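Before any comments, here is the structure.
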Amino acid sequence: MVKIKCFSVLLVLILLLLLFISCDSGSKAGAGTNTRAVVKSVAGTNTRTVVKSGSGTNTRTVVESGSDKELGAVTGIDERTEPKPEEETGLITDVEVKDEDELAYLNETVIDPRFQALLDNFGVSGAGKKTISYIQRTLPANVVYDYLNQLGADVTIEKIIKPTVSLLRARGKALRVIEGTTDEGIKTGLQDMFEKYDALSFSYLWEVFNRAIKENDFVEFIARCDSRFRKLKEMVNSPRVKDVYAWLDADDRVTIDDIGKIVISGTYDKDRFNNMLNLLEDPLVIKIVVLCQSIKKRQEEALKAIESVSDDAEKQKLQARFNTLQGEYNSHIRSAFNQSSVDLYFQITGNGDKYRNDFNAIEKAAKAAEAAQGAAAAVKSSGAAGGGS
């Protein structure tokens, strides 16, 4: 448990460091430095991502051979955006060229022969190779290579390349939206949010390639960053650019509303609650939301198992155990919101495994009780039948 907590703290510190670096790079973008993501009206600077005013994206397309297996579902992932006429042609070659074009702003190409050979063997196309090259720039090459080699072609394409291609397409569109924003105040706010989502996506890449999260979790988590890059467009005209709640998806808002029902009271009003969320900022709020959703799922499974117990006395005992744990969990959440924003985050996430495991234990106890009662009933029935004969 101590090791798990220490590792969680390390991940958070890495995320916070990434957030600090991204914000710092945004403030230095106009000075001609090599930054990871810059939205500035500049010319001639050697940046990895540049959107030039009045000239579109900095396009240096590298067309590479390969199949389009990992691109087949990209348009499906991208259905949340309004399709343009050329997206409706259904021609695979057009889709691949479009993906190449939309990722051209990255100026990435695979140059390591080991990666070239591995990705060719996997059947990865040009856009997929550009994506892996982008990932390779953020993580040690041997870590990326060994992990992809271990996963194999199918998992690499389905769980790593597809969601990341979609993310990077949305990221490129977000850069263009920011550059096209004329209100400097809103533009600055959008740039700030962009850099935070960039840092969050990098943290998820770090976690999956270092085996801290599973591939299925990566797909879910990276989709949250994807959706937030897409949301930049609708936030251009919103006066609530800095409001964390405004950036949340519908399901995430439900989770925050549930937390609010626990925290908000006569002595802790809604404004204070919202202010605490804004102090945390969206990336850390996302991580809290994911954890609370996981715990809620365990709660629902435990309640369902308790309901299936036929013995009333046993059911009441399990329900009382659940209610006690639920009360303890609610107090834990309320206590966290009386801390500083950083302490709030560590308190909630630091005990996440404890509450998941405790609610899961109740579920297992309920299922065991019902199974035992069923076995006892079967024995009794068998004995009665034997006595009758």
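Nothing in this text is a laboratory measurement; each read-out follows from the coordinates by a stated rule. Remember, predicted model here, so these are calculated numbers, not experimental data. Ideal geometry is used to build each Cβ from the backbone, glycine not excepted, and the neighbour counts take in all protein chains shown.
One equal scatterer on each Cα of the stretch 99-251, no solvent, Debye formula: the resulting log10 I(q)/I(0) at q = 0.09, 0.13, 0.16, 0.18 Å⁻¹ is -0.30, -0.61, -0.87, -1.05. Across the stretch 302-375, the mean sequence separation of Cα contacts (distance under 8 Å, 6 or more residues apart), normalised by length, yields a relative contact order of 54 percent. Neighbour counting of Cβ atoms within 10 Å sorts the residues LEU118, LEU277, fewest neighbours leading, into LEU118, LEU277. Counted by neighbouring Cβ atoms within 10 Å, the residues GLU220, GLU179 run from fewest to most as GLU220, GLU179. When the Cα positions of ILE362, ASN330, ILE259 are compared along the charge dipole of the stretch 256-388, ILE362 comes out farthest toward the positive end, with charges on each C-beta of Lys, Arg, Asp and Glu. Listed values for the stretch 189-200 are Karplus-derived 3J(HN,Hα) couplings in whole Hz (6.51 cos²θ - 1.76 cosθ + 1.60, θ = phi - 60°), namely x, 5, 4, 5, 5, 4, 5, 5, 5, 4, 5, 5, and x replaces Gly and Pro. Rg and Dmax over the alpha-carbon atoms of the stretch 167-315 stand at 18.7, 67 Å.
Within the stretch 298-341, the proportion of Cα pairs with more than 12 Å between them is 65 percent. The shape of the stretch 256-388 can be summarised by an equivalent ellipsoid whose semi-axes, obtained from the alpha carbon gyration tensor, come to 42, 13, 10 Å from longest to shortest. Measuring between their Cα centroids, the stretch 112-178 and the stretch 250-286 lie 35 Å from each other.
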